[in-house]
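Q: Here it is: the structure, laid out below.
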Protein chains: 2
Amino acid sequence: MPAEVSSASPPSPPLTERQEARRRRILHASAQLASRGGFDAVQMREVAESSQVALGTLYRYFPSKVHLLVATMQAQLEHMHGTLRKKPPQGATAAERVAETLMRAFRALQREPHLADAMVRALTFADRSVSPEVDQVSRQTTMIILDAMGLEDPTPQQLSAVRVIEHTWHSALITWLSGRASIAQVKIDIETVCRLIDLTAPEEPRRR
Amino acid sequence: MPAEVSSASPPSPPLTERQEARRRRILHASAQLASRGGFDAVQMREVAESSQVALGTLYRYFPSKVHLLVATMQAQLEHMHGTLRKKPPQGATAAERVAETLMRAFRALQREPHLADAMVRALTFADRSVSPEVDQVSRQTTMIILDAMGLEDPTPQQLSAVRVIEHTWHSALITWLSGRASIAQVKIDIETVCRLIDLTAPEEPRRR
DNA sequence: ATCAAGTCTGAAACTTGTTCTAGATTAACG
DNA sequence: CGTTAATCTAGAACAAGTTTCAGACTTGAT
C-alpha cells in the first residue's frame, strides 16, 4: 500500500515565474472575454491570442474550455470570500446572515452578468473530467456559507441544510441567467431555503 | 386589442401524419442515442441518420441540440407523470409523499443514467433561446410535486417551497451525474429539502 | 558552457454543431 | 389532374472546441 500524501491531486511541479504569469494572463483574458459576452464569447483562440500564448499552451494549462472557466470561477470566488470576510453579515440569526451573504454575492454577480453566465454555465455543464475542480468550487462555497452561519463544528443536519442551500443557489442563478426568474424571485428562493437553517438549529431543539 | 388565446406560442400549424411520424422518429432516436452514451453521444448527424431524416429537416423540427434534448425530456416527463398518477405515493405527510415521489423518479433515472445525463445537462445548459421549452419542463415538474402534495390551491409559501425543491432536485441530479454525490447523498438532500414543506404548512404541521 | 528533457509556438487538421443551397417531393387548392 | 407554395433531401460549407506536430526556446543538472 503506497502512502499517498493527498488523494486529491498528484503534486504538480511548482510553476516558474513566467508560467505563473502566463497562467494569470490566461485567467485574466478569460474573465475579460466572459464579461463581454458570456460563455459563448470565451473562445479558446481568442483567449490564447489575448493572453499572448499559443493555443496548444492554453490547452496545456487548462485541458478544456470548461476547465478554464471553472478555474476562472475559483479565482473570482476566492476574491469574493476575501471581500466577505472583511465585512461579515450583520443578521441576528444564522439564516439571516446566510441569506444576506448570498444576496451580497448575488448583487456582485449582477454587476457582471455575462461573467456570471460563463462561470455558472461551465460549472453545471462540467462532466466527470472536471469533478475535482468543481468540487473545489463547491467546498469554497460551503466555507462561505459556514462562515456566514458562524459555526465552529456544524451538525450533520446543518451540513445537509448547507448542501441544499448550495443546490438552490446554483439552480436559482441558472434560472435568473436564462431569464426565467427575476431578481426578486431569486431573493425569495434564497430566503425560503435559508429557513431550513432554523429547522436544524440545535440551540432550540424541535420536538421529535 | 387582439384576443390572445395563449400568450405562449404562436399557434404553429398542425402537423400532417408523416410529420408527426418524423417527429416521433427523431425523438426516439434522440432518446436511444442518449441512453447509449449521454449528452455527447447525441450527435445531430447520427440522430438525423437514425431517424431517416435529412440534417436540415432535423434542424427544422428542433432548432438546436439543446432544443432536441429538452423536447426529449418533455416526452419522458410526460410518461413519468402518467406512471406516477397511477400509483400515488403513500406517505402520511405532504413532505413524505413528495420525497417518495422524487425518489421514485430518481430510481427511474438511475435505470438510464446516460439518458438522464443528456437531458439534465441540456436543461441546465439551455440559454434564453430555449426558455419557453425549459419553462414547460419546469411547469410539468411543479405539477408532479403539487400532485404529490395533494393540494388544491397552494399558498404562496408552499409555492416557494416547491420552487426550492425543484432547484434542489435539479442540482442534486447534476452532482450525482457528474459523480460528485452518491445516490445516498441525493436521497438525503431530497429528504432535507422536503422538510421545508412542513415549515410552510398552513395548519397544524406536526404528528403523523 | 553544454546537454537532455521539458515547454512553448505556429500552423494545420480533425470533430461536431450549425447554416446554406439547389433540386426533388409533397400537400393544398382550383 | 395541374399549379404553386411549402417541405424535404443530399451534400457542401462554416464555426469553434480540440488534437497534433515539427521546430524553437527554457530550464536544470552536470
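Bear in mind these aren't lab numbers, they're just calculated from the coordinates by the rules spelled out. This is a predicted model, so every value here is computed, not measured. Counting neighbours? That spans all protein chains shown, and the Cβs are built from the backbone with ideal geometry, glycine included.
Q: Residue by residue through A:119-129, how many Cβ atoms from other chains fall within 10 Å of the Cβ on average? Could the numbers behind the result be given before it?
A: Values: counts 0, 1, 4, 1, 2, 10, 7, 4, 8, 5, 2.
The shielding value for this peptide is 4.
Q: So for A:Lys65, A:Lys87, B:Lys187, fewest C-beta neighbours within 10 Å to most, what's the order?
A: A:Lys87, B:Lys187, A:Lys65
Q: Work the Kirkwood hydrodynamic radius out for the stretch A:16-121: mean of 1/r over every pair of different alpha-carbon atoms, inverted, in Å.
A: For the stretch A:16-121, inverting the mean 1/r across all distinct Cα pairs yields 14.8 Å.
Q: Then there is this: Longest segment of chain B with no GluC sites (Glu not before Pro) in a DSSP loop having at most 15 other Cβ atoms within 10 Å?
A: B:5-151
Q: Between A:Thr83 and B:Met143, what's the calculated FRET efficiency when r is the beta-carbon distance and R0 is 41 Å? Round to 0.05.
A: Rounded to the nearest 0.05, the efficiency is 0.50.
Q: Could you pull the copy-to-copy label distances for B:Arg128, with points set 7 Å along Cα to Cβ, in nm to one decimal and sorted shortest first?
A: From this label point to the equivalent ones elsewhere in the assembly: 3.6 nm.
Q: Now for a separate question. Which distances in nm, rounded to one decimal and ordered from shortest, link the label point of B:Ser182 to the equivalent label points in the other identical copies, with labels set 7 Å from Cα toward Cβ?
A: Going from nearest to farthest copy, the values are 4.3 nm.
Q: Other chains near A:152-164: what is the mean number of their Cβ atoms within 10 Å of each residue's Cβ?
A: Details: counts 0, 0, 0, 0, 1, 3, 0, 2, 7, 4, 1, 10, 15.
Averaged over the peptide's residues, the number is 3.
Q: Further question: Counting only the backbone N, which residues of the stretch B:19-37 are under 17 Å from the spot 7 Å out from the Cα of B:Thr57 toward its beta-carbon?
A: Of the residues in the stretch B:19-37, B:19-30 have backbone N under 17 Å from the label point off B:Thr57.
Q: Select from A:Ser138, A:Ser171, A:Leu159 the residue farthest towards the positive end of the dipole of the stretch A:128-175; place +1 on Cβ of Lys and Arg, -1 on Cβ of Asp and Glu, and compute about the Cα centre.
A: Value computed over the given set: A:Ser171.
Q: Over chain A, what per residue volume does the convex hull of the Cα atoms give, in whole Å³?
A: Normalising the Cα hull of chain A by residue number yields 163 Å³.
Q: Further, regarding this structure: Just want the ordering: A:His79, A:His67, A:His28, from fewest to most Cβ atoms lying within 10 Å of their own Cβ.
A: By the 10 Å Cβ count, ascending: A:His79, A:His28, A:His67.
Q: Continuing with this model, one more query. Find how much the distance from B:Arg107 to B:Arg24 grows on full extension, using 0.36 nm per residue of separation minus their present alpha carbon separation; answer in nm with one decimal.
A: Here the segment from B:Arg107 to B:Arg24 would lengthen by 27.3 nm.
Q: Another question, then. For the protein assembly as shown, what log10 I(q)/I(0) values come out of the Debye formula at q = 0.08 1/Å, with one point per alpha carbon and no solvent?
A: These q points yield log10 I(q)/I(0) values of -0.48.
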